[in-house]
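The values are calculated or read from the model by the stated rules, or taken from the named source; none is laboratory data. Computed from a prediction, not measured in an experiment: that's the story for all the values here. Cβ placement follows ideal geometry from the backbone for every residue including glycine, while neighbour counts extend to all protein chains displayed.
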Amino acid sequence: MEKPPYTIVIAGGGTAGWMTAAALARFLERGYRIRLVESEAIGTVGVGEATIPQLRLYLDALGIDEDHFVRTTHGTFKLGIELENWLGDGHRYMHAFGNVGRDVGLIAFQHYWLRARQMGIAAGLDRYALNELAARAGRMHRGGPITAPAIPSMPYAFHFDASLFAGLLRCFAEERRVERTEGRITEVMRDGDSGDVAAIRLDSGERIAGDLFIDCTGFRAMLIGQTLGIDYEDWTHWLPCDRAIAVATAPLADPPLFTRASARKAGWQWRIPLQHRTGNGLVYCSSAISDDDAADLLMHHLDGAATGDPRLLRFAAGRRREGWHRNVIAIGLSSGFLEPLESTSIHLIQSAISRLLKLLPGHASGAADRAEYNRQTDFEIERIRDFLILHYHANTRPEPLWQACRAMTLPDSLGAKIALFAENGQIVREHEELFTEVGWLQVLIGQGISPKGYHPLADQIGDDDLAEFMETIPLLYEREVAQMPSHADFIARHCAGA
Ligand code: FAD
């Protein structure tokens, strides 16, 4: 006799719910029934428009054409994040995706650069990052090198409209048998014997039973938090911002190829260029500035007039102590929140989906699978948390919030990373840590941490060779960038929105 299908119920249809539904629909074609419940009356967070290059893997795995995705979501391309004012007003640097310089022999580029800098013959780090040079010039290219085989390819991500993305994924999922139900979840029912979640009840009275439940109900965390009682571990002593005001402005003529994150007196402001509008927001600490003053601060720093009403969002940095408990897996905001400074939330959704698929529970699910899922989830989010804290801690701004951040006690993992770099410029990337050595390098240098020394192997090349090496890379990269079309032309050619 054929087994009944294994039913997966996704509670919530924001970015997390629809990304999960689409991926499960793509990979679980037989033996599974996938249902999604969402409430239009409750709505979604709706922001979440900047990403990192890993999103391309998700699109690719689902077979979603990239140009179709950009066109449908009115997206733009992104080569990095510009961080402005973190060392005082007017200071800026970029965390660009992709390599910086070129590693030689056993050691990383930064050691040669640090030696050259001590000798006074190095240009700024920005001149060695192809992505940054292209982003600053407003030029976009994908595919292989144009001018010389040694030129690296440019990793890129996207800015996009989150609600249009959810719509695209909904079509994708529904075409592949995901059953969507509109309604408000009023009750989560547990099995009296096992304690697992057995079903959810909707305001219509309908009862939706399942074997596995994915909690994508956002900050409400109706299943994992409210029902199963899994606590939230608060990280606001490290990441003190707890509110955001978001507002749109008109689109920019030639949209920048980077997200901008500008430090302000009590938080920081984002700018995300889309084809049809520009997303802006101020992330701030409510004990350092009132909501009204925060709104004024944001309005004062917009590139043009607001085109809609500002929206206030409240949150607390932290994570759910267990992302997978019993037969409930939290994905998205229900599993934790890290502010959008390095555009990592959508990536956390994507990697949770990939972990879920790797450790997919069958009809008999085990505690070991859950433990492994939770271990990997913890490692990933802690390392991203450290990367964000670095921006806050290593600042030189004068305001009280920023002074307090300089004085904070760091997580041991971050303290060790900074100490290692400050000595001899070493950066070690552990396991599957999200941010690469060059990501850390750009932010460590950008935030003003200067190593005392460098790896002694960098002394193995002569002064003249080092000087030539340091001069050649920027020249090659600048020549390459000059061949690229402007971002606006690139979009017009491949993926302009309707
Ligand atoms: P939500 O969007 O809140 O969706 C929750 C879903 O659950 C909705 O469909 C809702 O209707 C449903 N629901 C809730 N309760 C019920 C109920 N009782 N019954 C039925 N349905 C229910 N991420 C990035 O990667 N890049 C960014 O630039 C970025 N910027 C951000 C800026 C801010 C200020 C914030 C707060 C977040 C940002 N994020 C960003 C994070 C990103 O927005 C979220 O990770 C993403 O939207 C996922 O949200 P979600 O789907 O978990 O929750």
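Considering ASP211, ASP234, the condition of being acidic (Asp, Glu) and under 20 Å from the mean Cα position of the chain (by Cα) is satisfied by ASP234 alone.
One residue stands out among those in region 368-388 that are within 21 Å of SER334 (Cα to Cα) and of a type in the set (A, V, I, L, M): the one that is farthest from the ligand (Cβ to nearest atom), which is ALA371. The residues in region 441-498 that are farther than 30 Å from ALA253 by Cβ and among the acidic types (Asp, Glu) can be counted, and the count is 6. Restricting region 42-65 to residues that are free of Cβ contacts under 8 Å to residues at least 40 places away in the same chain and in contact with a Lys or Arg (Cβ under 8 Å, 6 or more places away or on another chain), the residue that is surrounded by the fewest Cβ atoms within 10 Å (Cβ to Cβ) is GLY63.
The number of residues in region 2-27 being under 16 Å from LEU169 (Cα atoms) and more than 16 Å from the ligand (Cβ to nearest atom) comes to 3.
This table checks each residue for (1) surrounded by 18 or more Cβ atoms within 10 Å (Cβ to Cβ); (2) modelled with pLDDT of 95 or more; (3) not hydroxyl-bearing (Ser, Thr, Tyr).
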position	(1), (2), (3)
MET154	yes, yes, yes
PHE165	yes, yes, yes
ARG176	no, yes, yes
THR181	no, yes, no
ARG184	no, yes, yes
GLU187	no, yes, yes
SER194	no, no, no
ALA199	no, yes, yes
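Considering the conditions (1) modelled with pLDDT of 95 or more; (2) surrounded by 13 or more Cβ atoms within 10 Å (Cβ to Cβ), ARG207 is excluded by exactly one of them, (2).
Filtering region 393-438 to residues that are assigned to a loop (DSSP other than H, G, I, E, B) and small (Gly, Ala, Ser) leaves ALA394, GLY425. Just checking, does region 334-345 include any residue being away from the ligand (no atom under 16 Å from the Cβ) and not aliphatic (A, V, I, L, M)? No, every residue in region 334-345 fails to be away from the ligand (no atom under 16 Å from the Cβ) and not aliphatic (A, V, I, L, M).
One residue stands out among those in region 118-143 that are assigned to a loop (DSSP other than H, G, I, E, B) and more than 25 Å from the chain's Cα centre (by Cα): the one that is surrounded by the most Cβ atoms within 10 Å (Cβ to Cβ), which is ALA122. Only residues that are in a loop (DSSP other than H, G, I, E, B) and out of contact with any Phe, Trp or Tyr (no Cβ under 7 Å at 6 or more places or on another chain) were counted across region 152-187, and they come to 10.
You will find that of ALA352, ALA316, the residue that is surrounded by 22 or more Cβ atoms within 10 Å (Cβ to Cβ), within 12 Å of the ligand (Cβ to nearest atom) and among the aliphatic types (A, V, I, L, M) is ALA352 and no other. Evaluating PRO53 against the criteria (1) assigned to a strand (DSSP E or B); (2) under 22 Å from the mean Cα position of the chain (by Cα); (3) not small (Gly, Ala, Ser) leaves one unmet condition, (1).
Part of a strand (DSSP E or B) and either within 22 Å of TRP268 (Cβ to Cβ) or not polar (S, T, N, Q) (or both), is that true of HIS95?
yes
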